[in-house]
Amino acid sequence: MLALTLARRRALTALAHAIKPVVQIGAAGLTENVIHELNQGLKSHELIKVKVFSDERGMRDVLLKEICQRLEAAPVQHIGKIFVIYRPKPDEIASSTAATFRKKRESRRTKRSFQA
């Protein structure tokens, strides 16, 4: 299972806010077809939401851990019946994706600075 820093998890949580669940896990549970769909979703999107139709929180916790272990992914968020899961693409694991996110103190150029 991948480990994420707090800053990276927060950034991924913010990105995941706008996306809709890609996979839904029903009464049948975690079948091979569900694992295959989760794997395909992570290959193409890296960050996915999963909706689980189970009322037991303990069962949902176990499902999230099992999904992350089987797919070598990182759990980003678990709110209610929604999981957010992240797995970087293989070529991006070696290179840091921190350059994608703007640093807090990095100055921004304004319209006036381009006119000068």
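FYI, it's all coordinate maths here, none of it is from the lab. A quick note: this is a predicted structure, and the numbers were derived from the prediction, not measured. Here Cβ is always computed from backbone atoms with ideal geometry, including for glycine, and neighbour counts include all displayed protein chains.
Site-free segments of the chain were taken between trypsin sites (Lys or Arg not before Pro) in DSSP loops having at most 12 other Cβ atoms within 10 Å, sites themselves excluded; the longest one is 1-101. Of (1) 49, 38, 19; (2) 64, 28, 22; (3) 84, 29, 23, which one was derived for Cα extents along the principal axes in Å from the structure shown? Computed from the coordinates, Cα extents along the principal axes in Å corresponds to (2). Axis of helix 57-71 versus longest Cα principal axis of the chain: the two differ by about 70°, to the nearest ten degrees. Pairs of Lys residues in the chain are counted when their Cα atoms are under 16 angstrom apart and they lie 8 or more places apart or on different chains; the count is 9.
Approximating the spin labels as points 7 Å out from Cα along Cα→Cβ, the residue 65-to-residue 19 distance works out to 2.4 nm.
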